[in-house]
Amino acid sequence: TPNSSIKSVTRSKVLTAAKELNYSPNISARSLVTQKKYVIGVFLSRVHADLSTFFSNIISSANEKLPSNYLLSVVGIDEVKNFDQSVRNRFDGVMVVSQTKEDDQFIQKLIDAKIPTVVILRKVATAKVDNIYANDRQAMSDLVKYIYKQGHRRIGILNGTAEFITSKVRYRGIKEQAEELDMEIIPSADKQGEFSLTSGDAMMKEILEQPREDWPSCVICASDDIALGALKACHKSGLVVPYDMSITGFDNIPYSMVTTPSLTTVDNPLSSMAERGIEVLFQRIENPQIKRQTITMNPSLVIRSSVAERK
């Protein structure tokens with residue numbers, strides 16, 4: 001810079017040596033010297049009043065991975081009205097927690113703006129960003145196999161937000177495995193709602209308004225938030241879970257282990273995805289030329305008390 005105390009000849013030598021050594025500055029170390037605060041953006045598909053409790057795991061895990069000289073800014077992609085004003089040149093790196101293909105346009109803008117970016121939660125089509133996601137389809141398949149072993153043959157599905165990829169992938173995993181095992185998905189108990197407790201309560205209430213002989217013996221919920229709502233509806237109707245109705249969730253949020261009964265669910269590696277996402281993002285910030293990474297993580301079945309054994 002013009003005000004630098006380094007002589008131009010010395011500066012030229014340093015830059016030449018750096019180029020020959022393929023050196024790139026370590027931003028974390030540099031900020032300790034400059035005392036500047038750097039900003040990492042966490043962009044969610046949308047931020048709303050019913051924001052799922054599992055997002056808190058993602059945000060807290062990402063924040064724990066940040067050095068003290070970095071700040072975390074959480075923003076909804078749906079809130080971005082002017083990319084140039086609100087995003088460009090404002091972030092040193094971005095982690096996109098993506099749930100829908102509608103985010104692809106925003107992700108492309110990040111690529112075009114040359115902002116270091118990692119996308120977690122959803123598999124994206126472009127190979128131009130680092131990508132970390134979980135194998136939700138296989139997880140749901142494993143859950144259906146467990147339900148089958150418990151003796152259930154008639155199931156219901158309470159699915160989440162229609163445009164979210166997780167809804168489609170999880171539903172596909174349930175449906176394909178149920179068909180393979182010749183299990184019946186009850187049409188009046190096959191419902192699409194939102195990823196929220198309120199939606200789970202409303203959808204389960206609709207099932208319970210049907211004649212009892214039309215009920216499924218087990219309802220598979222696409223998230224723990226939905227399952228908590230379904231549990232609430234059953235309790236309000238005087239039903240005992242799992243003896244009158246079995247219920248499962250997905251995500252393994254902290255509340256799932258303290259419900260009555262505790263919730264059989266799928267442990268979605270949200271914290272691991274967030275932590276790995278921040279690690280990969282910092283690798284990208286410090287060396288923009290490294291090879292893009294695509295990492296798949298495997299959720300695991302958590303068996304608790306909300307699925308009865310039927311003989």
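The values are calculated or read from the model by the stated rules, or taken from the named source; none is laboratory data. This one's a predicted model, so the numbers in the text were calculated from it and none came from an experiment. Positions of Cβ are generated from backbone atoms using ideal geometry, with glycine treated the same way; all protein chains shown enter the neighbour counts. Calculation scope for accessible area: heavy atoms of the full protein, side chains included, ligands and nucleic acids excluded. Shrake-Rupley method; radii C 1.70, N 1.55, O 1.52, S 1.80 Å.
Per residue of the chain, the DSSP helices (runs of n ≥ 4 H) give a summed -39500 (n - 2.57) that works out to -11500 deg cm²/dmol at 222 nm. Considering only Ile278, Ile226, Ser196, the residue lying farthest towards the positive end of the dipole of region 196-311 is Ile278, judged by Cα position with unit charges set on Cβ.
Write down, largest first, the equivalent ellipsoid semi-axes of region 32-186 in whole Å, where each equals the square root of 5 times an eigenvalue of the alpha-carbon gyration tensor.
Working: eigenvalues 273, 52, 36 Å².
Ellipsoid half-lengths, sorted descending, are 37, 16, 13 Å.
Around Trp215, under 15 Å between beta carbons, what's the net of Lys plus Arg minus Asp minus Glu among the other residues?
Values: positive: Arg153, Arg154, Lys191, Lys205, Arg212, Arg310; negative: Glu184, Asp190, Glu206, Glu209, Glu213, Asp214, Asp244.
Net charge in that neighbourhood comes out at -1.
Here Lys101 is the anchor, and the lysines within straight C-alpha reach of less than 20 Å, apart from those fewer than 8 places off in the same chain, are Lys81, Lys109, Lys123, Lys128, Lys168.
Where both residues lie in the chain, what percent of DSSP beta bridges are antiparallel, nearest 5?
5 percent
Each Lys and Arg Cβ is given +1 and each Asp and Glu Cβ -1; about its Cα centre, the chain then shows a dipole of about 1480 debye.
The accessible surface of the chain, taken with every protein chain in place and a 1.4 Å probe, is 49 percent carbon and sulfur.
Between Glu163 and Arg310, what is 0.36 nm times their sequence separation minus the Cα-Cα distance? Round to one decimal in nm. Display every interim value, and only then the final one.
Details: separation 147, 0.36 × 147 = 52.92 nm, distance 3.47 nm.
The Glu163-Arg310 span can extend by a further 49.5 nm.
Qualifying chymotrypsin sites (Phe, Trp or Tyr not before Pro) in region 202-270, where qualification requires a DSSP coil assignment and no more than 14 other C-beta atoms within 10 Å, comprise Tyr243.
Taking the Cα centre of region 184-311 as origin and assigning +1 to Lys and Arg Cβ atoms and -1 to Asp and Glu Cβ atoms, the resulting dipole is close to 280 debye. A 1.4 Å probe run over the protein chains yields, for the chain, 50 Å² of accessible area per residue, whole-number rounding.
The number of Lys pairs in region 190-311 with C-alpha atoms less than 29 Å apart, excluding pairs fewer than 8 positions apart on the same chain, is 9.
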